[in-house]
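The structure under discussion appears below in the form of structure tokens.
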Amino acid sequence: FPVAVFLDSNSASGPPVPVSGIRFPYLAGAGVLEEISSLSHSFDDLQPFLSRQQRNNRVVFGYLGYDLKNQFESLKSANSDFIGFPTWHFFVPRHFFLAGMDSLTVYSNEESAELLWSRVQQSDCPPPVERMPLHCSMPDRKIYLDTIGKIMHHLNVGDIYEMNYCNEVRIDSC
């Protein structure tokens with residue numbers, strides 16, 4: 001499937017997550033029945049899309065990217081974009097999976113769940129992919145420590161109360 005998502009609640013290997021409402025350790029969606037993204041729509045189109053899906057009792061997966069903040073605040077990001085994902089993207093999956101510790105529930109908008117599960121069981125697994133070396137653009141130790149010191153100063157002074165300091169990790173040959 002060209003579009004798919006797999007979500008792990010992190011509740012399978014330990015005590016339940018202290019958030020009410022989590023009933024399944026894993027959720028997955030595959031394929032696209034309907035989608036909306038920043039590539040072809042304005043952000044104002046998102047709420048009507050989500051409302052329509054809610055009226056139709058459809059599951060929706062999606063994400064909001066970090067650079068979306070630039071559309072609402074006087075902010076600018078100058079980071080290299082090696083992936084090229086849209087700023088935001090939401091989709092209604094063709095197939096939806098709920099996995100418990102000892103159960104799997106399959107829903108499909110195209111075919112019976114039994115037929116879909118049968119096709120999954122009969123499919124061949126692709127061969128393992130060769131591992132590629134990761135590239136991490138971490139600054140050298142002195143620059144890193146200087147940056148952390150400046151962040152701590154701003155936190156202590158109180159002109160910021162929270163921030164993210166991120167470094168990109170990627171596979172160069174992709």
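Go over the candidates Phe90, Phe82, Phe97 one by one and state the one that is open to solvent by 100 Å² or more (accessible area, probe 1.4 Å) and closer than 26 Å to Tyr63 by Cα.
Every option except Phe82 fails the conditions.
What do you reckon, is His154 closer than 16 Å to Phe1 by Cβ and either outside any loop (DSSP other than H, G, I, E, B) or out of contact with any Gly (no Cβ under 9 Å at 6 or more places or on another chain) (or both)?
When the stated conditions are applied, His154 does not pass them.
Between His153, His135, which is at pLDDT 80 or above and surrounded by 10 or more Cβ atoms within 10 Å (Cβ to Cβ)?
So the residue among His153, His135 that is at pLDDT 80 or above and surrounded by 10 or more Cβ atoms within 10 Å (Cβ to Cβ) is His153.
Filter segment 52-79 down to the residues that are among the hydrophobic types (A, V, I, L, M, F, W, C) and under 17 Å from the mean Cα position of the chain (by Cα), then identify the one that is surrounded by the most Cβ atoms within 10 Å (Cβ to Cβ).
Within segment 52-79, the match that is surrounded by the most Cβ atoms within 10 Å (Cβ to Cβ) is Phe61.
Which residues, taken from segment 101-130, are small (Gly, Ala, Ser), surrounded by 12 or more Cβ atoms within 10 Å (Cβ to Cβ) and closer than 28 Å to Arg55 by Cβ?
Ser108, Ala113
Mind checking which strands (runs of 3 or more DSSP E) fall wholly inside segment 27-141 and carry at least 3 residues that are within 29 Å of Ser9 (Cβ to Cβ)?
Answer list for segment 27-141: 34-37, 61-64, 88-92, 95-99, 104-108.
The values are calculated or read from the model by the stated rules, or taken from the named source; none is laboratory data. As the structure is a computational prediction, the values presented were derived from the model and not from experiment. Cβ coordinates were reconstructed from backbone atoms using ideal geometry, including for glycine residues, and neighbour counts include every protein chain displayed. Side chains are part of the model used for accessible areas, which takes the heavy atoms of the whole protein and leaves out ligands, DNA and RNA. Shrake-Rupley method; radii C 1.70, N 1.55, O 1.52, S 1.80 Å.
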